[in-house]
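The values are calculated or read from the model by the stated rules, or taken from the named source; none is laboratory data. Predicted model only: the values in this text are computed from it and were never measured. Positions of Cβ are generated from backbone atoms using ideal geometry, with glycine treated the same way; all protein chains shown enter the neighbour counts. Surface areas here come from the heavy atoms of the whole protein model, side chains and all, with no ligands, DNA or RNA. Shrake-Rupley method; radii C 1.70, N 1.55, O 1.52, S 1.80 Å.
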Amino acid sequence: DSLGDTGPAAFLDIILYSREQIRKENAAMGQDSGSDAPWGIVSIKPQDVDHELPMQPITVMRNALGEEHGGSGVPLDHKAYRESVEFWSSFAPVK
């Protein structure tokens, strides 16, 4: 029931948030990153295609939560959510 060794990823999709976005989200949760870096890495996604994959549906939903709940505070993009569900219904993340 194992996929076995999937081998190394061909590409890394690195997700960055601006200092302003990180500060905004941290402040909403009563935290402080203590960093003055202009960008922060929030995710590194290994993949085998040279383009951005749709976010997983749970990530789209979480981002739409208010910042006080750890979300980005952006409104839910219904089209992006439907595309995400369609894509991830056919594929599974490998850990």
Task: Checklist (1) of a type outside the set (Val, Ile, Thr); (2) at pLDDT 85 or above; (3) within 29 Å of VAL94 (Cα to Cα); (4) open to solvent by 90 Å² or more (accessible area, probe 1.4 Å) applied to SER18, failing item - done: (4)
TODO: Among residues belonging to segment 31-51 that are open to solvent by less than 70 Å² (accessible area, probe 1.4 Å) and touching a residue at least 24 places away in the same chain (Cβ under 8 Å), point out the one that is nearest to the chain's Cα centre (by Cα).
DONE: SER43
TODO: Starting from segment 10-30, keep only residues that are among the small types (Gly, Ala, Ser), then list their pairs with residues that are assigned to a helix (DSSP H, G or I) and surrounded by 14 or more Cβ atoms within 10 Å (Cβ to Cβ) whose Cβ atoms are within a distance under 9 Å, requiring at least 6 positions of separation or different chains.
DONE: ALA27/GLU67; ALA28/GLU67
Task: Looking only at segment 1-15, and only at residues there that are exposed (fewer than 10 other Cβ atoms within 10 Å of the Cβ) and hydrophobic (A, V, I, L, M, F, W, C), the one that is modelled with the highest pLDDT - done: LEU12
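Answer yes or no as to whether ARG82 is of a type in the set (Lys, Arg) and open to solvent by less than 90 Å² (accessible area, probe 1.4 Å). Explain how you work it out, then say what you get.
Values: of a type in the set (Lys, Arg): yes; open to solvent by less than 90 Å² (accessible area, probe 1.4 Å): no.
No.
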Task: Answer from ASN26, ASN63 - the residue that is modelled with pLDDT under 90 and under 15 Å from the mean Cα position of the chain (by Cα) - done: ASN63
TODO: Just one of (1) surrounded by 14 or more Cβ atoms within 10 Å (Cβ to Cβ); (2) touching a residue at least 12 places away in the same chain (Cβ under 8 Å); (3) charged (D, E, K, R) trips up ARG62, so point out which.
DONE: (2)
